[in-house]
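Worksheet: one structure, shown below.
The values are calculated or read from the model by the stated rules, or taken from the named source; none is laboratory data. Computed from a predicted structure; not experimentally measured. With ideal geometry, Cβ positions are generated from the backbone for all residues, glycine too; neighbour counts draw on all protein chains shown. Only protein heavy atoms, including side chains, enter the accessible area calculation; ligands, DNA and RNA are left aside. Shrake-Rupley method; radii C 1.70, N 1.55, O 1.52, S 1.80 Å.
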Amino acid sequence: MVKVEPNRIGPFPFPMLSPDIRVKDFSEVELPYTKEQVMLEAERCLLCGNPVCIDACPVQMDVRGMCEAVVRGDFKTAFYRIRKTNPLLGVTARCCPQLVELCEDACVMRWQGQPVSIGMIQRFVSDWEKNSLSLPLNEPVKNTEKKVSIIGSGPAGIAAADFLREHGHSVTIYEELLTPGGTIWYGIPDYHVPPDILHYEIESIKKKGVLIKTGVKVGRDIELSELISESNAVIIATGSKDVEKLDIPGVNLDGVFDGYKFLESVYVNGVNEYLKNPQYNLGNNIIVIGGGDSALDSARTSKRLTQGNVTIVYRRTENEMPANPLMVDEAKDEDIKFIFLTIPKSFIGLNDKLNGVKLSRMKLGEPDESGRKRPVPIPNEDFIIKCESAIISIGRGPNSFLQKKVGLKMGKKNAIAVDDHYLTSIPGVFATGDVTTGESLVVKAMGHGREAALRVHEFLMNKEKDHISLYEKYYTETTTSSYYQKMLAGKI
Amino acid sequence: MLLDKENLNVTYILKKNSLGNSIVYCDNKEIGEIHETIEMTYVLISNKEEKWILSPKVHGEIRPFSMSVLKSDLVSDKTNEVLVIHSHLFKHKNNFYMINITPEGMPLRETLKGPKYICRLKHSPVSNIEEIDQKSKIRLRWLRGFPVGEIEGIGTNGHKIKLSNELKDIALPLATSCHLMFAIF
């Protein structure tokens with residue numbers, strides 16, 4: 001029998017700031033491991049010959065190599081091993097739902113206990129590098145003289161830029177907002193990812209030679225045609241930003257807000273700036289509508305801003321909620337209330353100001369296309385909840401601004417249509433990330449961005465016939481016994 | 001628990017041995033052996049002299065959580081594709097199934113530890129397995145289904161796969177694929 005240490009170091013899933021303290025400000029919820037703890041936790045890794053954790057990572061981050069180095073206290077090697085494919089280590093360590101569908105879900109240790117706390121180890125390594133050394137990153141092997149313009153500095157754009165710069169191309173990112181980072185910057189609250197973590201990682205990418213032009217909206221401040229004429233390739237990575245509307249009476253009342261715009265307003269210039277001049281008068285009784293991660297973040301942000309009574313209304317049961325269950329637990333600990341099997345029927349106002357929501361009770365019917373049971377209204381089971389504000393967070397579609405402006409071929413929900421090579425309907429223009437797939441995880445958008453960047457690289461270097469996917473490259477190179485032995489010997 | 005355990009009629013235990021091969025047991029009897037060949041493929045040979053060739057190369061490229069299984073005729077050496085798993089998804093007898101999915105009605109929280117499940121889908125996000133792309137892969141996360149299999153245990157200590165009768169035609173290659181995709185180390 002293989003000796004397995006079943007439980008991870010410290011509490012499961014990770015150490016946290018106590019709820020009564022954390023709701024008072026925007027401090028990070030998750031607490032870090034100490035050096036001793038992280039080395040002990042890394043020792044639980046079995047260093048699999050076929051590391052399933054890497055299979056489950058959309059950017060094939062070298063989790064096994066990281067753990068092998070961390071056990072020896074060699075954080076520098078650990079950093080370089082994981083930085084190779086992941087330019088946003090500190091960000092993804094904090095915002096990936098590792099346990100739900102990524103590396104920790106796949107970790108073989110889960111079969112006999114708790115999976116290795118990969119996110120916490122990654123976080124320690126990235127913080128160690130940031131706080132102690134600020135290690136130089138690899139210089140591009142050679143300059144190819146090829147220019148690539150990337151529209152959007154979110155996770156897909158950043159990952160694509162990092163990959164292309166690594167391969168010697170000259171990269172310029174055009175970002176509409178004044179701060180780069182896309183949804184990581186304006187959509188992920190500070191209590192998940194403190195802003196200095198993102199700033200540091202963006203600066204590292206800039207030091208590598210990637211130019212980021214902020215405050216430039218392509219299609220408004222500069223035309224796509226200009227970028228096409230001055231670049232060898234263009235990548236559109238404008239993310240998902242078109243909010244889904246809730247079409248019920250009273251939706252235009254003062255006090256009914258869009259959740260995504262709310263989060264953007266709070267975080268886009270930093271929370272401290274928002275607090276100096278709050279733009280939302282939320283009151284003390286707040287209803288949040290939706291069951292995803294953004295609904296949770298709208299609720300938890302409202303709680304921190306008001307210390308008021310915050311209630312999430314979701315149309316199915318907790319079992320069907322798409323949000324990360326660990327985040328649901330955190331929200332419950334912060335005294336966020338939940339009302340399940342309920343949908344809003346209308347918003348009720350007095351003098352154009354919201355003062356309540358009429359809700360309908362639901363029951364679960366037959367499964368829908370997703371396999372989840374469909375919510376069905378129960379007749380005559382309406383009720384009213386008094387509230388001063390309601391925040392709607394029911395989903396986002398692809399940011400359709402540019403494709404509509406320039407007439408790019410589109411698919412469902414105005415997503416940019418791309419072929420297997422990530423090419424759009426305009427030659428030399430590629431698209432990647434949420435603008436092509438719809439809303440996904442940060443790390444999935446990054447994986448998508450890297451794959452598109454590979455296609456762009458092959459296009460620029462006339463290597464399209466030699467295409468081999470990044471996963472296949474990883475698999476054939478690093479799951480061999482010779483690679484394994486070299487890694488153990490510290491030669492990789 | 002929603003899983004009707006009585007309907008899981010076939011149970012395999014797959015265990016890696018000291019030589020790096022894996023032995024397949026059913027009802028405490030050794031019924032087959034898996035070994036790795038060159039070119040990153042695996043061969044499963046049952047004690048009924050049946051042979052399967054398993055490869056993570058699916059629809060032209062090596063993919064995570066994917067497996068192509070060919071049954072090989074030992075006499076003629078001809079092969080016949082019996083199972084294709086692409087990004088956890090496979091089709092059998094006109095039904096779509098997904099490995100590592102949350103059964104309908106089960107809290108997501110309960111799947112963070114312990115067994116993984118194989119479920120039959122009511123609707124598939126694609127009409128053919130070949131059609132799976134980045135867009136459909138993102139939608140796979142939301143799917144729920146009816147549980148028809150349960151997977152647990154570490155490869156070296158015994159990886160246990162229980163399957164319902166509706167998968168009996170592909171039970172051995174499916175169990176082997178799960179072992180190779182999830183539990184071997």
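Full extension of the chain between A:ASN284 and A:LYS363 yields a length gain of 25.5 nm, computed as 0.36 nm times the residue separation minus the alpha carbon distance. Counted residue by residue at 0.36 nm each, then reduced by the alpha carbon distance between them, the extension gain from A:GLU230 to A:ILE492 reaches 90.4 nm. In this structure, the residue pairs whose Cα-Cα separation is over 28 Å, taken from B:LYS29/B:LYS168; A:LYS213/A:LYS409; A:LYS303/A:LYS353; A:LYS217/A:LYS444; A:LYS207/A:LYS409, are A:LYS207/A:LYS409. For the range A:347-378, a reduction of at least 30 Å² in accessible area between the chain on its own and the assembled protein chains (probe 1.4 Å) is found at A:PRO367, A:GLU369, A:SER370, A:GLY371, A:ARG372. Long hydrophobic helices in chain A, taken as whole DSSP H segments with a C-alpha length of 24 Å or more on their own axis and mean Kyte-Doolittle hydropathy at least -0.5: A:442-460. Modelled this way, with points 7 Å down the Cα-to-C-beta line, the labels at B:GLU130 and B:ASN165 are 3.4 nm from one another. Among the cysteines of chain A, A:CYS48, A:CYS57, A:CYS95, A:CYS96, A:CYS107, A:CYS387 have no other cysteine beta carbon within less than 4.7 Å of their own. Note on B:THR11 and A:VAL268: the model spin-label points, each 7 Å out from Cα along the C-beta direction, lie 5.9 nm apart.
Starting from a Cα-only point model with no solvent, please compute log10 I(q)/I(0) by Debye for chain A at q = 0.06, 0.09, 0.11 1/Å. The Cα Debye sum returns log10 ratios of -0.29, -0.66, -0.98.
Surface composition of chain A: carbon plus sulfur atoms hold 51% of the accessible area, using a 1.4 angstrom probe and ignoring ligands, DNA and RNA. Above 24 Å lies some portion of the pair distances; for the range A:145-273, what is it as a whole percent of all C-alpha pairs? Counting every Cα pair in the range A:145-273, those more than 24 Å apart make up 36 percent. Looking at the range A:1-80, the trypsin sites (Lys or Arg not before Pro) that sit in a DSSP loop and have at most 11 other Cβ atoms within 10 Å of their own Cβ are A:LYS3, A:LYS24. For A:SER346, the residues whose amide H sits under 5 Å from its own are A:LYS358, ignoring neighbours fewer than 5 places away on the same chain, with H placed 1.01 Å from N. In loop segments of the range B:53-86 as defined by DSSP, the trypsin sites (Lys or Arg not before Pro) with at most 13 further C-beta atoms inside 10 Å of their C-beta are B:LYS78. In units of the rule-of-thumb radius 2.2 N^0.38 Å, the range A:170-244 shows an alpha carbon radius of gyration of 1.21.
In the range A:322-336, the residues that give up 40 Å² or more of accessible area when the other protein chains are added, compared with the chain on its own (1.4 Å probe), are A:PRO322, A:PRO325. Phi angles of the range B:65-80 translate, via the Karplus equation with coefficients 6.51, -1.76, 1.60 and θ = phi - 60°, into HN-Hα couplings of 6, 9, 7, 10, 10, 10, 8, 10, 7, 5, 7, 8, 6, 6, 10, 9 Hz per residue; Gly and Pro are given as x.
Over all other residues within a Cβ to Cβ distance under 9 Å of A:VAL310, the charged ones net out to +1, with Lys and Arg as +1 and Asp and Glu as -1. A convex hull fitted around the alpha carbon atoms of the range A:46-94 yields 79 Å³ per residue. Helical content of the protein assembly as shown, expressed as a calculated mean residue ellipticity at 222 nm, amounts to -8000 deg cm²/dmol (DSSP H runs of 4 or more residues, -39,500 (n - 2.57) each, divided by residue number, nearest 500). Between the amide H of A:ASP242 and those of A:GLY397, A:ASN399, A:SER400, distances stay under 5 Å, these residues lying 5 or more places away or on another chain, with hydrogens modeled in the peptide plane. Distance between the pseudo-spin-label points of A:LEU17 and A:LEU275 (7 Å out from Cα toward the beta carbon): 1.0 nm. Where in the range A:32-48 does the amide nitrogen come within less than 15 Å of the point 7 Å from the Cα of A:ASP333, taken along Cα to Cβ? Counting backbone N atoms under 15 Å from the label point, the list is A:32-33.
Here the range A:139-190 and the range A:198-270 have alpha carbon centers that stand 13 Å from each other. Buried area at the B:A interface is about 4400 square angstrom, summed over both chains, from accessible surfaces computed with a 1.4 angstrom probe. Applied to the range B:163-168, the Karplus parametrisation 6.51 cos²θ - 1.76 cosθ + 1.60 on θ = phi - 60° returns per-residue 3J(HN,Hα) values of 10, 7, 4, 5, 10, 4 Hz, with x for Gly and Pro.
Counting every alpha-carbon pair across the range A:1-71, the share separated by more than 21 Å comes to 42%.
Computed from phi, the 3J(HN,Hα) profile of the range A:335-342 under the Karplus parametrisation 6.51, -1.76, 1.60 (θ = phi - 60°) reads 6, 7, 9, 10, 10, 9, 6, 8 Hz, with x in place of Gly and Pro. What the Kirkwood sum gives for the range B:45-185 is a hydrodynamic radius of 15.7 Å, with every pair of different alpha carbons counted. Largest to smallest in accessible area, the residues A:THR214, B:THR156, B:THR176 fall in the order A:THR214, B:THR156, B:THR176 (1.4 Å probe, all protein chains included).
Once backbone amide H atoms are built at 1.01 Å from N, A:LEU31 has A:MET16, A:LEU17 as its partners under 5 Å, excluding neighbours fewer than 5 places away on the same chain. Remark on the range B:90-113: accessible area falls by at least 50 square angstrom from chain-alone to full-complex state for B:GLU104, B:LEU108, B:ARG109, B:LEU112, B:LYS113, probe 1.4 angstrom.
Here is the list for the range B:84-132: trypsin sites (Lys or Arg not before Pro) lying in DSSP coil, each with at most 13 other C-beta atoms within 10 angstrom of its C-beta, are B:LYS93.
Under 16 Å from a label point set 7 Å out along the Cα-to-Cβ vector of A:SER469, the amide N atoms of the range B:47-75 belong to B:55-69.
For the range A:264-408, the solvent-accessible area with a 1.4 angstrom probe is 42 square angstrom per residue.
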